[in-house]
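First comes the structure, then the notes that go with it.
Each reported figure results from applying straightforward, stated rules to the coordinates on display, with no laboratory input. Computed from a prediction, not measured in an experiment: that's the story for all the values here. Virtual Cβ from ideal backbone geometry, glycine too; neighbours counted across all protein chains shown.
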């Protein structure tokens, strides 16, 4: 396993900091541009591609970060709302280097940095922001629950902008209930999301704790939306909301607006070129599978037929939770 120096880390994104390995060291993997472009998740799943491995000390990583200027924008989202698709489309622009779902940010969001012996949030973001060419900016797409620290991430760099990707609650309920894997994931994450939501609204218990599956999914939507709304409240001039339903109805407007929010003045030719790429007709997390707006509608309509009762329970739960806290109301009126 290669011992990677601070200078090597600072030189390019080639050595990607994957995770804490032992006390005081980080596990690194060697990636080229194609590997970054292909990866839906820059976490332990990247090991299935058998990349070269390396190691560095946390001290070396921190030193490397000190040699660099953080130049990143971000995509925060509530999960299952097209953020990977948006990241892939925007990543085709020569001005961006897309970094999708880095594992280190999950650890930091879970407040495990001290026990995992990780670099600071600022140092970690600086390393993730390395690009292949000087004019580029990294476009870091976080995992959904990393939105818990979105406002802190944006506070590390006054020049960073963020896309906040969401769908309205009804669409979210239909989407999660329409996919067996999504339902399993939602159930696993639900207890942590309830704790996060209660902490974010001051620690008070919700007036109507969720009980049915639809209510738990609605609570999960509310938790992640509350995180995005707080980032919006703290950094309103640097965030841009992307409603995925609106994006699908007019992708050209959606891409143009996202690029503009990230500091790019796109031409119609630029937008057409990005949308003509391979991504609009594929499942962005697993591009070997076809997936488009028509198939998505089919999935949502099936959810209406098979889970209409739970969808209604979830929407009723949200209606009864309104008025309990400013962030709840901000989410419900977004």
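Fewest first, what order do 232, 216, 132 take by the number of other Cβ atoms within 10 Å?
Values: 232 21, 216 24, 132 13.
Listed from fewest to most nearby Cβ atoms, that is 132, 232, 216.
Report relative contact order for segment 189-324 in percent, whole number only (criteria: Cα-Cα under 8 Å, sequence separation at least 6).
Numbers: 93 pairs, mean separation 44.8, N = 136.
33 percent.
Which whole-number value in Å³ per residue fits the convex hull of the alpha carbons of segment 252-334?
Residue-normalised Cα hull volume stands at 145 Å³.
Where does each of 321, 14, 49 land when they are ranked from fewest to most other beta-carbon atoms within 10 angstrom?
Working: 321 23, 14 20, 49 11.
The most exposed by this proxy come first: 49, 14, 321.
Over all Cα pairs of the chain, how is the pair count split among 10 Å bins, expressed in % and running from 0 up to the last occupied bin?
Cα pair-distance distribution for the chain, in percent: 6, 26, 33, 25, 10, 1.
Report P(r) for segment 150-258: all Cα-Cα distances, bin width 5 Å, range 0 to the bin holding the largest distance, values in whole percent.
Values per bin, smallest distances first: 2, 11, 19, 18, 19, 17, 10, 4, 0.
Taking 8 Å as the Cα distance limit and 6 or more residues as the minimum spacing, I'd like the relative contact order of the chain as a percentage.
On the way: 550 pairs, mean separation 63.8, N = 334.
Contact order relative to length: 19 percent.
In Å³ and rounded to a whole number, note down the convex hull volume per residue for the Cα atoms of segment 288-329.
Working: hull volume 4.5 nm³, N = 42.
Convex hull of Cα atoms, per residue: 107 Å³.
Would you list 74, 36 from fewest to most Cβ contacts within 10 Å?
Working: 74 30, 36 20.
By the 10 Å Cβ count, ascending, the order reads 36, 74.
Which three extents, in angstrom, do the Cα atoms of segment 93-200 have along their principal axes, listed largest first?
For segment 93-200, the Cα spread along each principal axis is 44, 37, 23 Å.
If packing is taken as the mean number of other Cβ atoms within 10 Å per residue, what is the order of 156-162, 84-90, highest first?
By packing density, highest mean first, the sequence is 84-90, 156-162.
Which parts of segment 291-334 would a label at residue 205 reach, counting a residue when its backbone N lies under 19 Å from a point 7 Å out along Cα-to-Cβ?
317-318, 320-325
Report, in whole Å, the centroid distance computed from the Cα atoms of segment 92-111 and segment 136-192.
Distance between centres, Cα-based: 12 Å.
Taking 1 over the mean of 1/r across every pair of different Cα atoms in segment 21-101, what Kirkwood radius in Å do you get? Before the final figure, lay out the partial values.
On the way: mean 1/r = 0.0683 Å⁻¹.
After inverting the pairwise mean of 1/r, the radius is 14.7 Å.
Using alpha-carbon pairs under 8 Å, 6+ residues apart, how would you state the relative contact order of segment 93-244 in percent?
On the way: 150 pairs, mean separation 43.1, N = 152.
Here the relative contact order equals 28 percent.
Sorted from largest to smallest, which semi-axis lengths in Å does the alpha carbon gyration tensor of segment 76-155 give for its equivalent ellipsoid, taking the root of 5 times each eigenvalue? Write out the running numbers ahead of the final one.
Numbers: eigenvalues 96, 54, 17 Å².
Ellipsoid semi-axes (Å, largest first): 22, 16, 9.
May I ask for the equivalent-ellipsoid semi-axes of segment 195-334, computed as the square root of five times each C-alpha gyration tensor eigenvalue and listed largest first in whole Å?
Details: eigenvalues 204, 103, 25 Å².
Three semi-axes, in Å: 32, 23, 11.
What fraction, in whole percent, of alpha-carbon pairs in segment 152-194 exceed 13 Å separation? Provide the component values of the computation, followed by the final result.
Working: 615 of 903 pairs.
So the portion of pairs separated by more than 13 Å is 68 percent.
What distance in nm separates the two pseudo spin-label positions at residue 334 and residue 1, each 7 Å out from Cα along the beta-carbon direction?
Each label point is offset 7 Å from its Cα along the Cβ direction, giving 3.9 nm.
Given the -39500 (n - 2.57) contribution per DSSP H run of 4+ residues, what per-residue ellipticity at 222 nm results for the chain, rounded to the nearest 500 deg cm²/dmol? Walk me through the numbers before you get to the answer.
Values: 16 runs with 168 residues, N = 334.
Dividing the helical sum by the residues of the chain leaves -15000 deg cm²/dmol.
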